[in-house]
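Please read the structure below before turning to the comments.
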Amino acid sequence: MSNATPPPTPCDVDVLCVGLACYDLIFTVDHHPGPNEKARACAFMGCGGGTAANAAVAAARLGASAAFIGYLGKDVYGDQHLAELNAAGIDTHLVVRGEEATSLSAIFVKPDGARSIVNYREAIVTRLTPAHVPFAQMRPRAILFDGHQPALAVAMAKWARDRNIPTVLDADTVNEGHDELVRLCTILAASEHFSQAFTGADSPQAGMAMLAHLAPAVVVTLGERGLIWQRGAQSGALPAFPVKVVDTTGAGDAFHGALAVGVAQGMDWDELLRFASAAGALCCTRRGARPGLPSLEEVRALLQRA
């Protein structure tokens, strides 16, 4: 690890998010460029991103206290992202910074909200370990993992399980560490892609059934088709909230951040899924993942209208 600065003091929060932080470069295009094609964007936005970092901001906007554990480079993108997290009220004492560059994502968004994402991370990136976190001083009411930083995430998931701290796994794409994390976390919130790629199943429903043998509760998100879930012998489905879609980037982060907030607050299962689904839907109504994360008032208003 190259000159990484360890964090000073831990925090006592509702939601602790562990995993990826990057910086998003968002281009609005009328179509996704093809091979050897040059395209011109009609709008551009730069902002902090990353699944776990966005989930932390989502939790804060929903009225919860939140902290983020992850890596940011000592570069202009890392500086800007850290400033954004601090401005959002996120506890960043556990952010580790080093000489490897901050992860970057170029996001191309079409008028219908569909997007393509290209991510860059250096081949040798700072890996966080349990030594970076003073476990004995931590008091989170819920922890969210995104599958990144696996050495730390697996150790922390085991620590949380031993202390009956509920955990949520944002399982979007299959990453190193998922084999253990899916068996350790309280709620496995998987994308449609993950449910099939991880299990080899030929449908999200079949993938969910297989994942339910590994995790106490499984939620599989299906985009505009809503979600399906299984807890033990119980299962069900929830349709998506009807909204005008502008950009789907960050909808999953909003969903998972809200899910972690609801878990920390002890919401019952049906209320929890509706709360998270409303947050995810509202994120689709604005351009950009971080700017699209909704407030608690906006989520409550959508729930009241539905």
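So, in region 158-176, how many residues would count as being more than 16 Å from the chain's Cα centre (by Cα) and either among the small types (Gly, Ala, Ser) or assigned to a helix (DSSP H, G or I) (or both)? Of the residues in region 158-176, 5 are more than 16 Å from the chain's Cα centre (by Cα) and either among the small types (Gly, Ala, Ser) or assigned to a helix (DSSP H, G or I) (or both).
Kindly establish whether Ala41 is small (Gly, Ala, Ser), at pLDDT below 95, assigned to a loop (DSSP other than H, G, I, E, B) and touching a Gly at 6+ places or on another chain (Cβ under 9 Å).
On the way: small (Gly, Ala, Ser): yes; at pLDDT below 95: yes; assigned to a loop (DSSP other than H, G, I, E, B): yes; touching a Gly at 6+ places or on another chain (Cβ under 9 Å): no.
Judged against the criteria, Ala41 is not a match.
Per-residue answers, yes or no, for (1) farther than 18 Å from Gly50 by Cα; (2) charged (D, E, K, R); (3) free of Cβ contacts under 8 Å to residues at least 60 places away in the same chain; (4) surrounded by 17 or more Cβ atoms within 10 Å (Cβ to Cβ):
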residue	(1), (2), (3), (4)
Asp247	no, yes, no, yes
Gly250	no, no, no, yes
Gln265	yes, no, no, yes
Leu272	yes, no, yes, yes
Gly292	no, no, yes, yes
Val299	yes, no, no, yes
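The residue that is surrounded by the fewest Cβ atoms within 10 Å (Cβ to Cβ), counting only those in region 53-78 that are out of contact with any Ser or Thr (no Cβ under 9 Å at 6 or more places or on another chain) and of a type outside the set (A, V, I, L, M, F, W, C), is Ser65. Restricting attention to region 96-125, the residues being modelled with pLDDT under 90 and farther than 20 Å from Asp24 by Cβ number 2. Glu176 satisfies every condition listed in (1) of a type in the set (D, E, K, R); (2) buried (at least 20 other Cβ atoms within 10 Å of the Cβ); (3) without any contact (Cβ under 8 Å) to a residue 40 or more places away in the chain except (2).
Just so you know, in region 181-234 the residues that are touching a Gly at 6+ places or on another chain (Cβ under 6 Å) and within 25 Å of Gln149 (Cβ to Cβ) include one that is surrounded by the most Cβ atoms within 10 Å (Cβ to Cβ), and it is Ser195. With the structure loaded, tell me whether Thr199 is more than 18 Å from Asp270 (Cα to Cα), modelled with pLDDT of 95 or more, in a loop (DSSP other than H, G, I, E, B) and of a type in the set (Ser, Thr, Tyr) or whether it fails that test. Taking the combined requirement at face value, the residue satisfies it. Here region 60-94 is the region considered, the condition is being part of a helix (DSSP H, G or I) and among the small types (Gly, Ala, Ser), and the residue that is nearest to Arg139 (Cα to Cα) is Ala60. Residues of region 248-289 that are among the basic types (Lys, Arg), part of a helix (DSSP H, G or I) and touching an Asp or Glu at 6+ places or on another chain (Cβ under 7 Å): none at all. For first residues located in region 78-99 and on the phi > 0 side of the Ramachandran plot, partners that are outside any strand (DSSP E or B) and at pLDDT 95 or above and lie 6+ apart or on another chain with Cβ distances below 6 Å form the pairs Gly89/Ala60.
The values are calculated or read from the model by the stated rules, or taken from the named source; none is laboratory data. None of these values were measured; they are calculated from a predicted model. Backbone-built Cβ (ideal geometry, glycine too); neighbour counts: all protein chains shown.
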